[in-house]
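None of the figures in this text is laboratory data; all of them are computed from the coordinates on show. None of these values were measured; they are calculated from a predicted model. Note that we place each Cβ from the backbone using ideal geometry, even for glycine, and neighbour counts take in every protein chain shown.
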Amino acid sequence: MAILDILHYPDERLRNVARPVARVDADIQRTLDDMLETMYDAQGIGLSATQVDYPGRVVVIDVSEERNQPRFLVNPEIIHRDGMVESQEGCLSIPGYCDTIERAESIRYRALDRDGKAFEDEADGLLAICIQHEIDHLDGKLFIDYLSPLKRQRLHKKYLKLSKQPAAS
Ligand code: ZN
C-alpha cells in the first residue's frame with residue numbers, strides 16, 4: 001500500500017467530476033487500499049478519489065472510533081434523502097477550516113463493495129453526513145460551496161495565499 005498525495009483547495013482538480021468505474025478489478029482494489037491507508041494516515045473519516053486525483057467514482061470511509069471498520073463504496077449513489085440536520089464539517093482538502101452546513105439527516109444509498117458486489121443500505125448520523133460529503137467530492141463539489149458567497153470569497157483569498165507560500169521546511 002502507499003500513501004497518496006491529497007489535493008488541497010483551491011486546486012482546480014478538486015472540481016473534476018469523477019467517472020463511473022466500469023469494473024472492480026485489482027487496479028481499483030489497490031487504489032481503494034491506498035486511499036484507505038492515506039485516509040488513516042491523515043486521520044480523516046472519509047476520502048474520495050477526486051481528492052487524490054484519481055478519476056473513478058470511489059470513496060473510502062471509516063467513522064468507527066477504533067478505526068477498524070473500513071467501508072469501500074464504488075459508484076455510490078444516494079437514492080433517497082430524509083430530514084435535515086446541521087452538520088459541522090471539515091475536509092482533508094481544506095485543512096484548518098470547519099463550518100456548519102445543512103445535510104440530509106438520513107439517506108438510502110447504493111454502491112458496489114470492494115469485491116464489486118452491488119448493495120443497498122441506509123445510513124444516518126455521522127455516516128450519512130460522511131457519505132454525502134464524499135459523493136459531493138466525486139461531483140467536484142466541496143462543503144464550503146454551501147456557505148454564503150461572502151464567506152466563500154474570504155476563504156478563497158486566504159487559501160489562495162496559503163497555496164502560494166513556500167512549504168515550511
Ligand atoms: Zn472532504
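Do we find that Phe72 is crowded, with 20+ Cβ neighbours inside 10 Å, over 19 Å from Pro10 (Cβ atoms), among the aromatic types (Phe, Trp, Tyr) and in contact with a Lys or Arg (Cβ under 9 Å, 6 or more places away or on another chain) in this structure? In short, yes. Of all residues in region 137-169, exactly one satisfies the criterion of being acidic (Asp, Glu) and surrounded by 13 or more Cβ atoms within 10 Å (Cβ to Cβ), namely Asp139. Scanning region 90-131 for residues that are over 22 Å from Arg19 (Cβ atoms), more than 16 Å from the ligand (Cβ to nearest atom) and of a type in the set (A, V, I, L, M) gives Ala104, Ile107, Ala123. Can you say whether Asp62 is among the acidic types (Asp, Glu), within 16 Å of the ligand (Cβ to nearest atom) and either surrounded by fewer than 19 Cβ atoms within 10 Å (Cβ to Cβ) or closer than 18 Å to Leu142 by Cβ (or both), as far as the supplied structure shows? When the stated conditions are applied, Asp62 does not pass them. Among the residues of region 75-100, which ones are crowded, with 17+ Cβ neighbours inside 10 Å and under 14 Å from Gln132 (Cα atoms)? Within region 75-100, Asn75, Pro76, Ser87, Glu89, Cys91 qualify. So for region 134-153 (the condition being part of a helix (DSSP H, G or I), closer than 23 Å to Tyr9 by Cα, more than 16 Å from the ligand (Cβ to nearest atom) and touching a residue at least 12 places away in the same chain (Cβ under 8 Å)), does at least one residue qualify? For region 134-153, residues part of a helix (DSSP H, G or I), closer than 23 Å to Tyr9 by Cα, more than 16 Å from the ligand (Cβ to nearest atom) and touching a residue at least 12 places away in the same chain (Cβ under 8 Å): present.
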